[in-house]
Amino acid sequence: MTSTVPTASASASGSAEQLSHRRLLMCSAKYFRIDYEINPYMHTDVQPDPAAAVAEHDRIVAAHLAAGRTVEFVEADPMCPDMTYTANAAVVRGDRAVLATLPPERAPETPHYRAWLEANGFDVTDTPYAFSGQGDALACGDLLLAAHGRRTDARVHRVLARHLGYEVVGLRTTSARWYDLDLAVAVIRPGRTLAYNPEALDQPSLRTLRGLGLELIPVRPAEAARFALNLVSDGRTVTMTAGAPHLAADLRAQGLAVVELDTTELRKGGGGIRCTALTLDNPA
Ligand code: ARG
């Protein structure tokens, strides 16, 4: 048995380590409920325990802060039971944002996100087409891995390219279980390393992904089903769900610090750790 001791981190190696996902927008879970069923995981007869949900969310916030990240908050609205999943608000790059066009059940969230982004100096645009925000659009250096065909209309990709200057890489998931791309693919090191569930992407998407020249970490479907890929990585620390020991070990073997947290309550809404944080510092 060999044990991998993470040696003096990448930052000491001379190559300029680029950290992002260090500035996050979150929203309290105090009004988190299952009022409707818009993904296969939501069941109105299986409600989160309110105190446990708040405690679970608090531990995620605490883990981000302990990793040296900054967390900002948009005020929760009692009429918006899914608002704790702020990843769906928009995609942000530099000082620009493209606002999501959420399913009708979640549409009341959007004015809150627009107001917060505008008040904080972002140049916000929107689109008439369905768009799941960062849930379906993962920044990876100058690339934006963007899904279409479920919560995001392919016509949004042009808007993302134009307003944010990304080279958009279009991907499709194989099932409504992966209704958002952030359940199927995770950016571990922007421009360098991705993790993905090979069963969650269709064949053309797998070919596209494998042609990008990035290091790819395959994740076991059973772990992906527990939302293992719904993680936040800043290139140094990975904050992820418990219950995916193989992925956690793979990431540690790469020299990353890994923090595993319980996500029992968030799962009832069909989301996990990545879903609760909109990245505000994707480099322009
Ligand atoms: N209940 C929410 C919905 O269906 C969950 C969103 C999860 N967010 C994500 N980025 N995957 O919209």
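Over segment 175-262, the hull volume per residue, using the convex hull of the C-alpha atoms, is 82 Å³.
Using a Gaussian network model of the chain in which every pair of alpha carbons under 10 angstrom is joined by a spring, one finds that among S233, S132, S175 the greatest mean-square fluctuation is at S175.
Using C-alpha pairs below 8 Å separated by at least 6 residues, the relative contact order for segment 186-275 is 25 percent. The residues packed around N88, meaning those with a beta-carbon under 11 Å from its beta-carbon, carry a net charge of -2 if Lys and Arg are +1 and Asp and Glu are -1.
Length gained on full extension, E167 to D142, computed as 0.36 nm times the residue gap minus the Cα-Cα distance: 8.4 nm.
Its DSSP H runs of at least 4 residues, each contributing -39,500 (n - 2.57), put the calculated 222 nm mean residue ellipticity of the chain at -6000 deg cm²/dmol, to the nearest 500. Between A242 and R155, residue separation times 0.36 nm minus the direct Cα-Cα distance comes to 27.7 nm.
The percentage of C-alpha pairs in segment 223-266 whose separation is greater than 12 Å is 54%. Of A139, A147, A67, the residue with the greatest mean-square motion in the GNM of the chain, using alpha carbon springs below 10 Å, is A67. Among Y31, Y41, Y166, the residue with the largest mean-square fluctuation in a Gaussian network model of the chain, with springs joining Cα atoms closer than 10 Å, is Y41. Taking the convex hull of the alpha carbon positions in the chain and averaging its projected area over all directions gives 14.2 nm². Ranked by how many other Cβ atoms sit within 10 Å of their own Cβ, fewest first, the residues K30, K268 fall in the order K30, K268.
For segment 105-133, the residues whose amide N sits under 17 Å from a probe point set 7 Å from the Cα of M79 along the beta carbon direction are 105-116.
Across the chain, the mean sequence separation of Cα contacts (distance under 8 Å, 6 or more residues apart), normalised by length, yields a relative contact order of 24 percent.
Here the calculated FRET efficiency for D123 and T208, from their Cβ-Cβ distance with R0 = 30 Å, stands at 0.50, rounded to the nearest 0.05.
A short reminder: the numbers here are calculations on the coordinates, not readings from a lab. For clarity, every value in this text was computed on a predicted model and none was experimentally measured. Reconstructed Cβ throughout: ideal geometry from the backbone, glycine too, with neighbour counts over all protein chains shown.
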